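The values are calculated or read from the model by the stated rules, or taken from the named source; none is laboratory data. Computed from a predicted structure; not experimentally measured. All Cβ positions, even for glycine, are placed from backbone atoms using ideal geometry, and neighbour counts span all protein chains on display. Please note that ligands, DNA and RNA were not included when accessible areas were found on the heavy atoms of the full protein model with its side chains. Shrake-Rupley method; radii C 1.70, N 1.55, O 1.52, S 1.80 Å.
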Amino acid sequence: MAHTISVDGATYTVSKILCMARNYAEHAKELGGVIPKEPVYFLKPPSCLLPGGGEIRMPTGIGRVDVETELAVILGKGGHDLSPAEAMGLVAGYAVFFDITGRDLQSTARKEGQPWSAAKGYDTFGPISAAAPASRIPDPHNLPIRVTVSGVVRQDSNTKHMVFRIPETLAAISRVMSLEPGDILATGTPEGVWPLVPGDVLEGAIPGVGTLRCTVAARKP
Ligand code: MG
């Protein structure tokens, strides 16, 4: 069943979830990666969405699973080959997103030159909050972003630290693939990505945008 997302009274079917990699310098450093020279992104399947939060089902036997807390951009219009200013005109709203990541699967895939699809794509690996309309967020590049895991602050940063900003990123992607209404762009995670264990409670917050609460449960493969 296709997931939908609502912004300001309009409902869109989600066709793709674009995610930026290494878009905060301190996060790139903590994983031992270099800061990219142009936007780097990958796709998560829409089937991984967990709208409104809820229970993240963490597969047993895949090793470390991390939370990455991110500002998500939700598109209300489509287009291709856009300028940065045109690309910003597609944005309908913003939300809090957890890019849940099988870190060990990702590390192994990276070493072996394989794609990250499994590491990023399990069902429930894409919790997203209710969306705030873009009209309420005049500057998406200056928002505090944080998460607590079982009551302890693990990520606490600001979207001003993004390496590549939303207009240039959307424009770059639009030169490769058409953007469509209901597309989601997760703008990358700041430092402090944290390994989850069953029983954890995650509370993410981007003041002005929203909050996102999840619990973690073990799931047999
Ligand atoms: Mg991420």
Practice problem: Restrict the check to the stretch 78-85 and report whether at least one residue is in a loop (DSSP other than H, G, I, E, B), on the phi > 0 side of the Ramachandran plot, modelled with pLDDT of 95 or more and surrounded by fewer than 24 Cβ atoms within 10 Å (Cβ to Cβ). | Solution: yes
Self-check item: Segments classed as strands (runs of 3 or more DSSP E), wholly inside the stretch 1-58, with at least 1 members that are more than 15 Å from the ligand (Cβ to nearest atom) and open to solvent by 30 Å² or more (accessible area, probe 1.4 Å)
Solution: 4-7, 10-13, 49-51
Quiz item: Is it the case that Ile5 is more than 20 Å from Pro190 (Cβ to Cβ) and touching a Phe, Trp or Tyr at 6+ places or on another chain (Cβ under 9 Å)?
Solution: yes
Exercise. Could you check Ile100 against (1) among the β-branched types (Val, Ile, Thr); (2) surrounded by fewer than 21 Cβ atoms within 10 Å (Cβ to Cβ); (3) within 13 Å of Pro127 (Cβ to Cβ) and say which number it fails?
Key: (2)
Practice problem: Return the only residue of Ser174, Ser157, Ser150 being under 19 Å from Pro127 (Cα atoms) and hydroxyl-bearing (Ser, Thr, Tyr). | Solution: Ser150
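Residue-wise test of (1) within 16 Å of the chain's Cα centre (by Cα); (2) open to solvent by 10 Å² or more (accessible area, probe 1.4 Å); (3) free of Cβ contacts under 8 Å to residues at least 24 places away in the same chain.
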site: Asp139; (1), (2), (3): no, yes, yes
site: Leu143; (1), (2), (3): yes, yes, no
site: Val147; (1), (2), (3): yes, no, no
site: Gly151; (1), (2), (3): no, yes, no
site: Ser157; (1), (2), (3): yes, yes, no
site: Phe164; (1), (2), (3): yes, yes, no
site: Ser174; (1), (2), (3): no, no, no
site: Ser178; (1), (2), (3): no, yes, no
site: Thr187; (1), (2), (3): yes, no, no
Exercise. Within the stretch 85-114, work out how many residues are more than 26 Å from Val209 (Cβ to Cβ), more than 15 Å from the ligand (Cβ to nearest atom) and not basic (Lys, Arg).
Key: 5
